[in-house]
Amino acid sequence: MIETASALKINVDKELSKSVTLAKKIYLEGSIFIYPTDTIYGIGANPFNENAVRKINEIKGREEDKKNILMIYNIENLLEYVDVPSEKYLDFLLAIWPNPVSVVLSLNRKYRQILNTSNAAFRIPNHRFCLKLLSELKMPLISTSVNKSNNPPINEPSLIFEEFSNIIDIIFYSTKKNFQKVSTLIDLTGTKPKILRQGKIKVDEMINKYL
């Protein structure tokens, strides 16, 4: 663990349990943190905490209605928040996750009102720290790129420290190499699946097989 006058920096590979405990505490308190994922580094927070979401938007310098990808622990947890139209969609989600593939799904009536939107993108990540944290939270976790609006994502820990140490209190990092590429993004809210963004994982064959 590295502690400086600015941000607290913790290596999730060396201090996994401590990292998860602290990240959970920060999440429940309504604050934000930076963390590694199975794609690029993310800024994390509770999506139901308006102050935390506002702080992320202020740090990134972006519009307040900008949507975030939400990490989720498993399909059972996901089904608390969304309406999945058919068994074949569920089979598809079970087949592609955990992986760096994000899927836009229709929120159920309760969470459309809470989040004031009709849909949201979810992902079950293939990352040890993320999954352990999500299993503790049993709630969605915001995952938005570490950057200022209209700038490329920052994915190197030393550069993240330099840019964000005086803005964000806690930075979780890893010395392991990640994919350094955004997730593939698929829209499943319409009558046909639509690939919105091609990331590391190609899903065309899976879509043809299941959908």
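The values are calculated or read from the model by the stated rules, or taken from the named source; none is laboratory data. All values reported here derive from a predicted model rather than from experimental measurement. Backbone-built Cβ (ideal geometry, glycine too); neighbour counts: all protein chains shown.
Worth a mention:
- The residues of segment 75-100 that are touching a residue at least 12 places away in the same chain (Cβ under 8 Å) and small (Gly, Ala, Ser) amount to a single one, Ala95.
- Neighbours by Cβ (under 6 Å, 6+ apart or cross-chain): first from segment 106-117, basic (Lys, Arg); second modelled with pLDDT of 95 or more: Arg112/Ser118
- Scanning segment 155-211 for residues that are surrounded by 15 or more Cβ atoms within 10 Å (Cβ to Cβ), modelled with pLDDT of 90 or more, closer than 30 Å to Lys18 by Cα and not aliphatic (A, V, I, L, M) turns up Asn155, Pro157, Phe161, Glu163, Phe164, Ser165, Phe172, Tyr173, Ser174, Ser183.
- Where Ser118 falls short, out of the listed (1) at pLDDT 95 or above; (2) in contact with a Leu (Cβ under 6 Å, 6 or more places away or on another chain): (2)
- Restricting attention to segment 107-127 and to residues that are in a strand (DSSP E or B) and touching a Lys or Arg at 6+ places or on another chain (Cβ under 8 Å), the residue that is surrounded by the fewest Cβ atoms within 10 Å (Cβ to Cβ) turns out to be Ala121.
- Unmet requirement for Asn49, which otherwise passes all of (1) in contact with a Phe, Trp or Tyr (Cβ under 9 Å, 6 or more places away or on another chain); (2) buried (at least 22 other Cβ atoms within 10 Å of the Cβ): (2)
- Within segment 63-92, tally of residues that are in contact with a Phe, Trp or Tyr (Cβ under 9 Å, 6 or more places away or on another chain) and in a helix (DSSP H, G or I): 6
- Number of positions in segment 22-51 that are out of contact with any helix residue (DSSP H, G or I) (no Cβ under 8 Å at 6 or more places or on another chain) and of a type in the set (Val, Ile, Thr): 3
- Across segment 61-82, the qualifying residues are those that are charged (D, E, K, R) and modelled with pLDDT of 95 or more, and the one among them that is surrounded by the fewest Cβ atoms within 10 Å (Cβ to Cβ) is Glu76.
- Filter result (out of contact with any helix residue (DSSP H, G or I) (no Cβ under 7 Å at 6 or more places or on another chain), part of a loop (DSSP other than H, G, I, E, B), in contact (Cβ under 8 Å) with a residue 24 or more places away in the chain and surrounded by fewer than 20 Cβ atoms within 10 Å (Cβ to Cβ)) within segment 128-152: Met139
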